[in-house]
Amino acid sequence: MTGDWLARDRAELAAERILDAVRELFIDKGVAGVGMAEVADAAGCSRATLYRYFENRQALYVAFAGREARQLAQRVWRDRPFPVHAPPAEWLLDMLTELLAEVRKTPYLAVWFEPSNAGIVAQLADSPGVVDALAANFVVGFRPGLPAPAARRVGQWVVRAMVSLLTLPGAGEDEERAMLRNFVLPFLLDGRTVID
């Protein structure tokens, strides 16, 4: 089976195959319990091949989290275009709330926010690969005039707020919506918010 991997000339396809294989491992063993040897076995490749695509577990985690975040956003927002002529606050609040719910009901995502994985999630929340993608594809949609460094900082804040709610859930959806409304939406929507 290793020869099949070596014959492939499309790195993206191979990386996607590895990321697909790791989903079940995260469900079965938890994120912290998955080693690179197990990932290689699950993907049907050698460890040398695995390391060709992902230099270490952190790189694998960043790639997985980035891909899953993009796919999650596409699933949630696919049928709900941004309201061009209406205030976006309630729409955005609904979308952020739905993102939280979707993560919690998706087993290979929910496992990331169990207490045993808190350190891994904290590192990923501050990872440039995840935050930059969020800033580029999400924040600038709400604050188009925001310079790239400021959009990155807003993206970091949104990621940290969402990770906090997933790791330490509130008393319920109403409390979470209130926290999002009071502490996240102003940074996304209010042009008067100063970001140095």
Problem - Cβ-derived FRET efficiency at R0 35 Å, GLN123 paired with GLU12, nearest 0.05 - result: 0.90
Exercise for the section: Apply the Karplus parameterisation 6.51 cos²θ - 1.76 cosθ + 1.60, with θ equal to phi minus 60°, to every residue of the range 23-40 and state each ³J(HN,Hα) to the nearest whole Hz, in sequence, with x for glycine and proline. Expected result: 3, 5, 4, 4, 5, 6, 10, x, 5, 5, x, 9, x, 5, 5, 5, 5, 4
Handout entry: Virtual spin-label span in nm between ARG181 and GLU90, 7 Å along Cα→Cβ
Key = 1.1 nm
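Just so you know, all these numbers are worked out from the coordinates, no wet-lab data involved. The structure displayed is predicted, hence computed values, not measured ones. A quick note on method: Cβ atoms are made from the backbone with ideal geometry, for glycine too, and the neighbour counts reach across all protein chains shown.
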